[in-house]
Amino acid sequence: MTARKHLIAGNWKMNETYSEGVTLAQELANCLKSGTVEADVVVCPPFVDLKGVSGVIEFDSAPFELGAQNVYWEPSGAYTGEISCDMLKSVGATYCIIGHSERRDYFHETDEDINKKAQALLSAHIIPILCCGEDEHVREAGNHVAHVTAQIKAALQNISISDPCALVIAYEPIWAIGTGKTATPEDAEEVCAAIRETLATCLGEEIAQGIRILYGGSAKPGNIEGFLEKDNVDGALVGGASLVASDFAQMVDRA
Ligand code: PEP
């Protein structure tokens, strides 16, 4: 099987003012620098914190990369409140979360929007962390695999990539996000294996084998190892636990 380096990504969501964000990034840098970091690590702060966190990465030689939580696909113009790929690049972002369930639910983002964002990011050489996942009704009806694989196919329409590291997928069952309910490692593996098969159909077998698929949903230091032991789970997208530097650093350590 292709060796895939683990990736641990922190989604700060709408938390941390500018100065709080800088402090959290410094704390994380200190925690990580006291150990050996074998995984790739990304933090995704709110837009206004990006520049401050990129300063910590640069000046404190922090062993993590910078990600955004959203992007707009147009390059510039009259789109009040939106942020372009070039703007993200100008502050050092190398990753960007797209298709998070909170954006799909609260901001009515469609699969078509997510596909446009993926295309714009790939053209700009920013790595999309493409989120997918089912709600509890879909899961109870037993349709979770079909639902998630349809989201992936729609998001990747007309996309081809030549480097598997150019794209990351995050499987996040909605019923497990911020609820304290986690999927079991077996639940995650079932869906992540199906995602990999879908990636093979969309992008080719070789590329699919190299793409990292993360699990997200109440992941924490006490449960991350069970997920990482699974063949098709290559890391975690972490919400709540990424706001506590020592917890997030422990998760990186376990990866
Ligand atoms: C998330 O929203 O991406 C997430 C995984 O959140 P939490 O870890 O808090 O469930």
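The values are calculated or read from the model by the stated rules, or taken from the named source; none is laboratory data. Keep in mind that what you see is a predicted model, and the values were worked out from it rather than measured. Reconstructed Cβ throughout: ideal geometry from the backbone, glycine too, with neighbour counts over all protein chains shown.
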Filter region 213-232 for residues that are in contact with a Pro (Cβ under 6 Å, 6 or more places away or on another chain) and within 14 Å of the ligand (Cβ to nearest atom); the one that is modelled with the lowest pLDDT is G217
Contact list, first residue from region 131-159 and among the small types (G, A, S), second anywhere and in a strand (DSSP E or B), beta-carbon distance below 8 Å, six or more apart or interchain, is G133/Y171; G133/G216; A155/I98; A155/L130; A155/C132
Determine which member of the set A208, A219 is in contact with a Leu (Cβ under 6 Å, 6 or more places away or on another chain), free of Cβ contacts under 8 Å to residues at least 60 places away in the same chain and of a type in the set (G, A, S). A208
Could you give me the residue pairs with C-beta distances under 6 Å whose first residue belongs to region 168-194 and is more than 20 Å from G222 (Cβ to Cβ), whose second residue is of a type in the set (D, E) wherever it lies, and which are 6+ apart or on separate chains? I174/D135
Could you identify the single residue in E136, E189 that is of a type in the set (D, E) and either more than 16 Å from the ligand (Cβ to nearest atom) or within 18 Å of the chain's Cα centre (by Cα) (or both)? E189
Please find, among V56, V71, V43, V48, the residue that is touching a residue at least 60 places away in the same chain (Cβ under 8 Å) and in contact with a helix residue (DSSP H, G or I) (Cβ under 7 Å, 6 or more places away or on another chain). V43
Taking the condition away from the ligand (no atom under 11 Å from the Cβ) and free of Cβ contacts under 8 Å to residues at least 12 places away in the same chain, does G235 pass? no
